[in-house]
Amino acid sequence: MKRAFISILLAALTVGAVAQNADSIRVENNTIGTNIYYGEYENSPQFPGGKKALMQFLDKNVQYPDAAHDYAVEGQVIMTFFVNEDGSLSDISARDCKINRFNTTKFSQETESKQKELKEQFAKLFAKEAYRVIKKMPKWVPGKQNGKISRLRYNIRIDFINPYK
């Protein structure tokens, strides 16, 4: 599989909390952008080395699936997981998977039911890749709530963008 050009939106949110502050950075080569939204946690969990190290980890490890190339599929996956008190990650799951773009000429050659089936397959493919990469992550720095190291939920959005266009 070839490396993906990815855009990452990281969000640390409490259940039902509304994001309050935003910080934005841009990497020079413009292949990765990130916005970090902090919820109401006292201290949000952090990838070791911070958000720049997280972006580098994702850039190195997330791969655009070869199967998506033929249809020039692009999409996004919102993954959710818990950062436990010891920094380990658990309960990793895809909360939402969407296909945003695809080669309309090639898709239009397929029946409606086949188009729907393909979109579902690509969404699952993107979710599987995002899961693989999160599972591969090292332990995080755990977050704090009410002055105590706590098991906290973390959400991350990974956009899969066709690197072949």
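Just a few scattered comments:
- Residues listed by number, the range 72-88, amide nitrogen under 16 Å from LYS135 label point at 7 Å toward C-beta: 79-82
- A convex hull fitted around the alpha carbon atoms of the range 44-165 yields 98 Å³ per residue.
- The gain in end-to-end length when the ASN146 to ASP91 segment is fully stretched comes to 17.5 nm, 0.36 nm per residue minus the alpha carbon separation.
- Spin-label model, ASP66 to LYS124: label points 7 Å out along the Cα-to-beta-carbon direction sit 2.0 nm apart.
- Under 16 Å of direct C-alpha separation, and excluding same-chain neighbours fewer than eight residues apart, LYS106 reaches these lysines: LYS114, LYS116, LYS119, LYS165.
Any read-out appearing in this document is the output of simple, stated calculations on the displayed coordinates, not a laboratory observation. Bear in mind the structure is a predicted one, so any value in this text is a computation, not a measurement. Here the Cβ is made from the backbone with ideal geometry for all residues, glycine too, and neighbour counts use every protein chain on show.
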